[in-house]
Amino acid sequence: MPRSKALRLVAVALALLLAALAGLYVLGLFALTGLRLGGVEVLKPCEVEVSDVRVVSVGLRSAKLEVVLTVRNPNPVAARSTSIAYDVYVEGAYAASGSAPALEVPPGDYASVSSQVEVEYARAAQAAQAIIEAKLRGGRVHMEVRGNAVLETPLGRLSLPFSKVLQADP
């Protein structure tokens, strides 16, 4: 076989390989966003939920909150969080920012993680006042947690925003 014909065959083989890799990449993008390909859902999107927010302690300079997050993975492959960051609002006022440690979510399962965040009264006066007043009157406080989790799957990285409004006992 002449050399130019062999080079053409190699070029065609490389082009087919690149096309196949590009197809797998696009399939991975569909999978990560939960989109359908030809009417078939490739992978379902994972979900992050704020399971609970508890006031752990109320001190002279700050209050500590515990934020519990649950990640649901409905897929046949594991997902691992690389970062989970969130902001806490109390009675509509910014209170604090926090982050949760990494966690592994098995295929078709749930995993929960909790982290504590400190609300410094000097930085979040309105939120702090609401927590202290609720503690004194034995009432509940309106809280909102907003954040973003980044999960790694065998097909790539997935960014999942989350938000929940709830009432908490101080």
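The values are calculated or read from the model by the stated rules, or taken from the named source; none is laboratory data. Given the structure is predicted, the values throughout are model-derived calculations rather than measurements. Counting neighbours? That spans all protein chains shown, and the Cβs are built from the backbone with ideal geometry, glycine included.
Points worth noting:
- Leading residue by the ranking (nearest to the chain's Cα centre (by Cα)) among those in the stretch 118-155 that are more than 24 Å from C46 (Cα to Cα) and polar (S, T, N, Q): Q126
- When S4 is tested against (1) outside any strand (DSSP E or B); (2) at pLDDT 90 or above, only condition (2) is not met.
- If the condition is being among the hydrophobic types (A, V, I, L, M, F, W, C) and either farther than 14 Å from Q167 by Cβ or at pLDDT 85 or above (or both), then the stretch 132-156 contributes I132, L136, M143, V145, A149, V150, L151, L155.
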